[in-house]
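A short write-up of the structure that comes next.
The values are calculated or read from the model by the stated rules, or taken from the named source; none is laboratory data. No experiment lies behind these values; they were computed from the predicted model shown. Methodologically, a virtual Cβ is constructed for each residue, glycine included, from the backbone with ideal geometry; neighbour enumeration extends over all protein chains shown. We work out accessible area using only protein heavy atoms, side chains counted, and drop any ligands, DNA or RNA first. Shrake-Rupley method; radii C 1.70, N 1.55, O 1.52, S 1.80 Å.
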Amino acid sequence: FPSHDSDLIKDLPVFKGSLPKTKKRSSSHLLELSLYDAHFGKYCWSGDSGVDYDLKTAVSDYLHAIEDLLGMVFGFHIEKIVLPIGHDFFHVDNWNGTTVSGTVVDSTSDRFQVVFRAGFEAVKQSILKCAEIADVEVVWVPANHDQSTSWYLTEMLRHVFSETPKITVDNSFMSRKYRLYGISLRSEER
């Protein structure tokens, strides 16, 4: 083995240049938390799918994802948070256990009201956690599994937060919704 005074170290140049000043993160940012395909109400057995999944797991995963993502932006000045809801947030769209187009979905909870309440509470908690950081806009984005059910959810949220100017809910029927922020344009599509 070469000694510490090997020719490699002796011939290695020492950096003597100047480094740019560290930029402060003072500009405002918009944060979009896109948690698609949560499928609240879906049951999976690890023997079939490789992992167990149920309502308790869906709630836990959703809330932990919100916490983790908010933790990643610590130190940034977040002016606004956009939280899309839909995109198969629920596994089924009705009491019959079907999607919006009528497709029967297997491995589904038969406790539709329990699933809906758990989904509502998880999203409500997430919105309140986001509101600790910035203004929040919930945007309904229809999908193929839960178009009606996710709209009902956002309608309830719109009512619950109707007296809270820091939290707004857009559950308009437009299939494409755009948000202009600074020089960026963000689209929410079906």
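In terms of packing, defined here as the mean over residues of other Cβ atoms within 10 angstrom, the peptides 141-151, 98-108 line up highest first as 141-151, 98-108.
Pairs of Cα atoms nearer than 8 Å and 6+ residues apart set the relative contact order; for the range 106-179 it is 32 percent. Taking amide hydrogens as placed 1.01 Å from N in the peptide plane, the amide H of Y43 sits under 5 Å from those of T108, S109, each at least 5 positions away in sequence or on another chain. Taking 17 Å as the cut-off, the amide N atoms of the range 98-117 that come nearer than this to a point 7 Å along the Cα-to-beta-carbon line of D37 belong to 106. Under 27 Å of direct C-alpha separation, and excluding same-chain neighbours fewer than eight residues apart, K16 reaches these lysines: K24.
For the set C130, C44, the ranking by accessible area, highest first and with no ligand, DNA or RNA atoms included, is C44, C130 under a 1.4 Å probe. Distance between the pseudo-spin-label points of D52 and V14 (7 Å out from Cα toward the beta carbon): 6.1 nm. Amide H to amide H distances under 5 Å link D146 with D88, V100, where only residues 5 or more positions off or on other chains count and H is placed in the peptide plane. For F90, the accessible surface of its heavy atoms amounts to roughly 0 Å² (probe 1.4 Å, protein chains only, rounded to the nearest 10). Heavy-atom surface analysis with a 1.4 Å probe gives the chain a carbon and sulfur content of 56 percent of its accessible area. By DSSP, the beta bridges lying fully in the range 77-166 are antiparallel in about 10 percent of cases. Need the C-alpha centroid separation for the range 108-162 versus the range 38-62, integer Å. With the range 108-162 and the range 38-62 each reduced to a Cα centre, they are spaced 18 Å. Among the GluC sites (Glu not before Pro) in the range 103-188, those located in a DSSP loop and surrounded by at most 13 other Cβ atoms within 10 Å of their own Cβ are E132, E163. Using Kirkwood radius over Cα pairs in Å as the read-out, say which of (1) 16.6; (2) 20.6; (3) 19.2 was calculated from these coordinates. Checking each listed value against the structure points to (3).
Protein chains only, probe 1.4 Å: how do S28, S18 rank by accessible area, largest first? Mind dumping the intermediate values first?
Numbers: S28 45, S18 110 Å².
Putting S28, S18 in descending order of accessible area: S18, S28.
Cross-link list K42/K124; K56/K80; K80/K177; K56/K166; K56/K177; K80/K124: which exceed 26 angstrom alpha carbon to alpha carbon? Beyond 26 Å: K56/K80; K56/K166; K56/K177.
What does the extension gain come out to for Q125 and K166, with contour length at 0.36 nm per residue minus their alpha carbon separation? Mind dumping the intermediate values first?
On the way: separation 41, 0.36 × 41 = 14.76 nm, distance 1.48 nm.
Result: 13.3 nm gained on full extension.
On a per residue basis, the chain carries 64 Å² of accessible surface, using protein heavy atoms and a 1.4 Å probe.
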